Structure formats: structure tokens, C-alpha cells
1. Considering only residues of segment 90-105 that are within 14 Å of Asp132 (Cβ to Cβ) and of a type in the set (Ser, Thr, Tyr), which is most open to solvent (accessible area, probe 1.4 Å)?
2. Quick one: in segment 106-116, which of the residues that are among the charged types (D, E, K, R) and away from the ligand (no atom under 13 Å from the Cβ) is surrounded by the most Cβ atoms within 10 Å (Cβ to Cβ)?
3. Which one is surrounded by the most Cβ atoms within 10 Å (Cβ to Cβ), of the residues in segment 1-15 that are within 13 Å of the ligand (Cβ to nearest atom) and in contact (Cβ under 8 Å) with a residue 60 or more places away in the chain?
4. Looking at segment 268-279, can you tell me whether even one residue there is open to solvent by 50 Å² or more (accessible area, probe 1.4 Å), over 20 Å from Ile74 (Cα atoms) and free of Cβ contacts under 8 Å to residues at least 60 places away in the same chain?
5. Hey, does segment 251-265 have a residue that's under 18 Å from Val18 (Cβ atoms), touching a residue at least 40 places away in the same chain (Cβ under 8 Å) and out of contact with any Lys or Arg (no Cβ under 7 Å at 6 or more places or on another chain)?
6. Would you point out which residue out of Val141, Val119 is within 14 Å of the ligand (Cβ to nearest atom), crowded, with 20+ Cβ neighbours inside 10 Å and under 15 Å from the mean Cα position of the chain (by Cα)?
7. Which residue out of Glu37, Glu57, Glu67, Glu41 is modelled with pLDDT of 95 or more, open to solvent by 70 Å² or more (accessible area, probe 1.4 Å) and within 11 Å of the ligand (Cβ to nearest atom)?
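The values are calculated or read from the model by the stated rules, or taken from the named source; none is laboratory data. No experiment lies behind these values; they were computed from the predicted model shown. Cβ sites come from the backbone with ideal geometry, for glycine too, and all protein chains shown count toward neighbours. Areas reflect the complete protein model, heavy atoms only, side chains present, ligands, DNA and RNA absent. Shrake-Rupley method; radii C 1.70, N 1.55, O 1.52, S 1.80 Å.
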Amino acid sequence: MSRIKITVVGAGNVGATVAQEIVRANYADVVVVDIKEGLAEGKALDINSAGSVLGYEPRLIGLDGYEGTEGSDIVVITAGVPRTGDMSRDDLVTTNEGIVSSVTREAVERSPDATLIVVSNPLDAMCHVAKDASGWPRERVFGMAGILDTARFRTFIAWETGASAQDVQALVLGGHGDQMVPIVSATTVGGVPLPKLVSDQRIKALVERTRKGGGEVVQLLGTSAWYAPGAAVAEIVHAVALDQKRVLPCTAHLEGEFGIEGLFMGVPVKLGAGGIEEIVELDLSDEERSELGRSAEAVREVVGVLAGSH
Ligand code: APR
């Protein structure tokens, strides 16, 4: 039986973190590709060299082209330019459209049966670009955003309540922008609904901090985050590669679910070997539903900026 093969396109901060998380799990051969000569190879050498210390096999290959990515089971796309301090996520749209479109074509040509996981921003719009460039069904083309946004929300709730972050269950849906929708009605700490533990006013503050969570990191670092995004992507990769049937928020192409048609948005999905095996619908409060509608409008606006037809 051959090992699972995973390609990560982009060996920058997010791509290298994803690659390291996956090789550490020890079940896959991982290839990382970057356009910048020597970058992927150098990062691979460094990450491989940590293996004997940390207990994983040095099976990461770094390339500056796509020869060697053939037959991948999963392709993760992190190529692009990151958002810098003076840039909104949406300012990235035109540059990253060109990059995501070309790398998708290169990757899918060599790995026609793969599942594509998009990470490049603006995420929801880049999912449309990857879906168009690949021509693949929505089960096999989707994006990572909700796990990251939810992880930030869970962290802030853990700090607020003093509870373990592991006991905080939460859900953040909608587009990956300031209009994202933290679903307070589905948020619990050890099974106890959040409003039982935290005042409405503090919940509003936590929701606000979550919405601006990416921007807060950019303000501090001058570039966008990578540790939490890398970990979130790895969770998706494991779920698909190991057929785990995890139910996690991902950016999926909605075809009527949640009352939204023809748009990529963050919703709960079941992930397994078939990629998105189910879109899980849940009851939302009236307010949450209308916030989701507003988030969809914001995503449609960015999608409208794409040069490709939508
Ligand atoms: N082919 C392959 N790699 C490319 C291409 C291309 N056509 N164009 C750019 N890259 C590479 C860059 O050389 C760089 O190494 O993509 C990498 C991006 O890495 P970083 O600049 O470190 O950005 P990173 O922080 O990893 O973020 C990548 O993910 O979270 C999103 O907003 C973020 O869109 C950004 C992406």
C-alpha cells in the first residue's frame, strides 16, 4: 500500500507550518512547492532536520516546481502575498487571484483525484478561483477559515472564563472577514451555554475581538498569522487523509444550504476521505441568520472584484 501524499503549495509562513504539522503526524509523504528558488528546499531541510529530535521521519520534499507533486491525495494552496499592516484582506484580491488560479491549474493537472484545500486570502473569493480553475465538484474544493476563527473565539472564551480551551466548544460561520458570524447559541463551556457564564456585554466584546482577530495579529506583527492557521489546516488534512468524519467549520460552496446559493461561505461540514461528505445545517437565531445574510453580501462584493466570471 502506498503512503498518503500531500502537496503544500507556498512554503511561506503558513505553508511551512502546515508542512511541519503534517510530517510530524508521520503518516504521509509531504511535498512543499514555492516559486522562490531554494525556499521550499531550505525549509524542508530545516523541518526534516528536526525530525530525529521530535520523533518524526524526515519525509518532506521541497521543490521550486510541480514535477514531483504527481498523484497527491491532498493539495493545500497557501501561495499568495500575505496581508500587510496597511492592507485589508480584500485588497489582496487581484494579486492573489492570478496566483491561486495558476497554481491550481499546475497542481490539479498532476493530481487529478486530489482534494484541494484553499488557504490564500481573501479566502472565500480564492475558493471560487480554485473551484473555477480546477473545474472540480464542491466536495473536493473548499477552504480553511472557520476552524481558525473558531479557535480564536475559543481561546478568548477560555481566557474569559478561566476554563480549559479544550472544553470550549464554539462555532464561527460566514465569510472570513470582519462580517464573520460567531454562533453564540452553539457555544458552550463543558456543555454549559456561554450566556450562563458570561454577561451579554462581555460576550459582545469577545465576538468583536474574534471578528478582528486576524487584524489584531497583523497590527502586532506587520504580517498575517501562521501558527494557528497552520494548525487549523492540518486538522482538515488529517480529517480527510485519515477519513475521520470530523464535523468542522469549513468554507464550502453553498447550493441552497442556509438559504445561500452559489457562494463559498463558512459552514459546518463533515470531512472524510470524500472531502466534504455532508453540509451540516443547524437552527440559527433570527439575528444569527440575518448576520449570515450580511456576511454573504460582504463575500459577494469581494467575489465581484474577481476578474473571472461569477
Ligand atoms: N507559486 C508558488 N508559490 C508562490 C507563488 C506561485 N505562483 N506566488 C507566491 N508564492 C509563495 C511566495 O513565494 C511565498 O513564499 O507563496 C508564499 C506565501 O508565503 P508568505 O508570504 O509567508 O505568506 P503566508 O503568511 O504564508 O500567507 C499565505 O495564506 O493566510 C493566507 O493571507 C495569507 O494569502 C496569504 C496566504
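1. Once the filter is applied, the top-ranked residue is Ser102.
2. Here the answer is Arg110.
3. Per the criteria, the residue is Val8.
4. For segment 268-279, residues open to solvent by 50 Å² or more (accessible area, probe 1.4 Å), over 20 Å from Ile74 (Cα atoms) and free of Cβ contacts under 8 Å to residues at least 60 places away in the same chain: absent.
5. yes
6. None of the other options fit; the residue is Val119.
7. Unique residue meeting the criteria: Glu37.
Condition check ((1) at pLDDT below 95; (2) hydroxyl-bearing (Ser, Thr, Tyr); (3) under 20 Å from Met180 (Cα atoms); (4) in the same structural domain as Ala25 (by TED's automatic domain parsing)) across all residues:
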{"residue": "Leu194", "(1), (2), (3), (4)": "no, no, yes, no"}
{"residue": "Ile203", "(1), (2), (3), (4)": "no, no, yes, no"}
{"residue": "Leu206", "(1), (2), (3), (4)": "no, no, yes, no"}
{"residue": "Arg209", "(1), (2), (3), (4)": "no, no, yes, no"}
{"residue": "Gly215", "(1), (2), (3), (4)": "yes, no, yes, no"}
{"residue": "Ile236", "(1), (2), (3), (4)": "no, no, yes, no"}
{"residue": "Ala241", "(1), (2), (3), (4)": "no, no, no, no"}
